[in-house]
Amino acid sequence: MKKIQTMVGILIFSFALSCQSKSFQKLQYEPAPYTKPEVRVRKEETSPLKLPENPMLYAVIQTNTGDMILELFPEEAPRTVQNFIDLSQGEKDFFGEKGVERRPFYDGLKFHRVIPDFMAQGGCPRGDGTGGPGYRFEDEINAKYLGLDKLKIKDSRAYEMHLQKAILQEFNIQSREALEEKRSQIEESFASGLELPVIEVLHRNGYRFNEVLKSRKAVKGSLAMANAGPNTNGSQFFINQVDTPHLNGLHTVFGQLVEGSEVLDKIIEKGNLQTTIKKITIVDKRK
């Protein structure tokens with residue numbers, strides 16, 4: 001009980017929360033509708049590096065620290081891959097400082113956030129993590145394929161913060177006084193919520209999963225979308241230096257580092273804003 005009280009006591013007054021209509025005990029997960037599009041590369045390009053022999057779709061990221069080759073996953077995350085391709089090749093409008101622009105988006109941007117034993121993040125035009133292309137698009141995640149319908153919160157404690165958020169939303173807690181008034185109910189809900197599957201808790205927090213895609217887990221070398229919550233993808237991405245199972249279900253994985261892991265290590269070692277993307281080249285070897 002002390003643990004539960006401690007967890008509840010440190011909760012999350014930074015959330016702007018609203019009351020939900022269904023009870024915490026009765027809400028059931030429902031899959032989101034999804035139509036799978038075809039991914040097209042709109043320009044033919046040749047790689048500045050030797051690519052693997054596998055007939056796949058590749059992104060070559062050239063930086064001042066070295067070059068990396070990433071295999072893209074058009075089957076697992078087609079809309080996300082298409083967005084990355086279009087921004088990389090300058091085939092999509094975005095909203096920049098000069099208004100609507102269309103040019104290779106990533107050229108000249110830095111890896112603005114690097115964390116040792118975690119990941120390197122890039123794709124922010126402001127260089128501080130607050131920028132993007134001026135639009136947002138939905139996640140492409142099949143939580144059931146990732147096993148999150150079988151994984152309970154109690155067996156993966158990294159997801160406890162998402163349970164806390166769901167409970168505070170349900171009880172419409174927006175002040176310390178409201179928390180104290182409903183403390184016993186919140187503690188009871190937290191204890192019972194530990195038995196819920198991760199997919200259910202994330203669904204309560206606004207994540208909408210589909211059951212069409214064969215999503216990839218967030219492992220070492222994964223290329224995934226950075227976001228600010230459900231369906232807030234834009235241009236920012238990160239590359240994992242290690243496995244990050246606590247991110248499964250939260251970020252769309254749309255590629256995998258296949259060459260240049262030592263370059264990723266150097267980027268992270270150098271620190272924030274020390275590595276600049278020179279160019280991202282997309283090469284389609286599927287044909």
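The values are calculated or read from the model by the stated rules, or taken from the named source; none is laboratory data. Model, not experiment: these values are computed from the prediction. Reconstructed Cβ throughout: ideal geometry from the backbone, glycine too, with neighbour counts over all protein chains shown. With ligands, DNA and RNA removed, areas are computed over all heavy atoms of the protein, side chains included. Shrake-Rupley method; radii C 1.70, N 1.55, O 1.52, S 1.80 Å.
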Heads up, I need the accessible area for D107: 1.4 angstrom probe, whole protein in place, Å², nearest 10. 50 Å²
Taking every Cα atom in the stretch 93-137, find the radius of gyration and the maximum pairwise distance Dmax, and write them in Å. 11.7, 38
What is the percent of Cα-Cα separations in the stretch 67-112 that go past 11 Å? 71 percent
Cα-only Debye scattering, the stretch 147-287: base-10 log of I(q)/I(0) at q = 0.11 Å⁻¹: -0.56
GNM, the chain, Cα, under 10 Å: largest mean-square fluctuation among Q256, Q274, Q82? Q274
Hey, how many Å between the Cα centroid of the stretch 214-246 and the Cα centroid of the stretch 66-90? 13 Å
Those trypsin sites (Lys or Arg not before Pro) from the stretch 44-118 that are DSSP loop and have at most 10 other Cβ neighbours within 10 Å turn out to be K50, K98
Using the heavy atoms of the protein chains alone and a 1.4 angstrom probe, what is the accessible area of the stretch 76-210 per residue in square angstrom? 44 Å²
Cα-Cα over 32 Å, subset of K43/K217; K220/K287; K92/K287; K152/K279: K152/K279
Net charge contributed by nearby residues that have their C-beta within less than 11 Å of D128 (K/R +1, D/E -1): +3
Ignoring GluC sites (Glu not before Pro) that are buried or in helix or strand per DSSP, and keeping those with at most 16 other beta carbon atoms within 10 Å, what is the longest stretch of the chain between them? 212-287
Considering only protein heavy atoms and a 1.4 Å probe, what is the carbon-and-sulfur percentage of the accessible area of the chain? 48 percent
Determine the dipole magnitude for the chain: charges of +1 sit on the beta-carbon of Lys and Arg, -1 on that of Asp and Glu, nothing else is charged, the reference point is the Cα centre, and the result goes in debye to the nearest 20. 120 debye
Taking the chain and counting helices only, DSSP H stretches of n ≥ 4 at -39,500 (n - 2.57) each over all residues, the nearest-500 ellipticity at 222 nm comes to -6500 deg cm²/dmol
Return, for the Cα atoms of the chain, the radius of gyration and Dmax in Å, separated by a comma. 20.5, 64
Charge sum, other residues only, whose C-beta stays under 9 Å from D107's C-beta, Lys/Arg counted +1 and Asp/Glu -1: +3
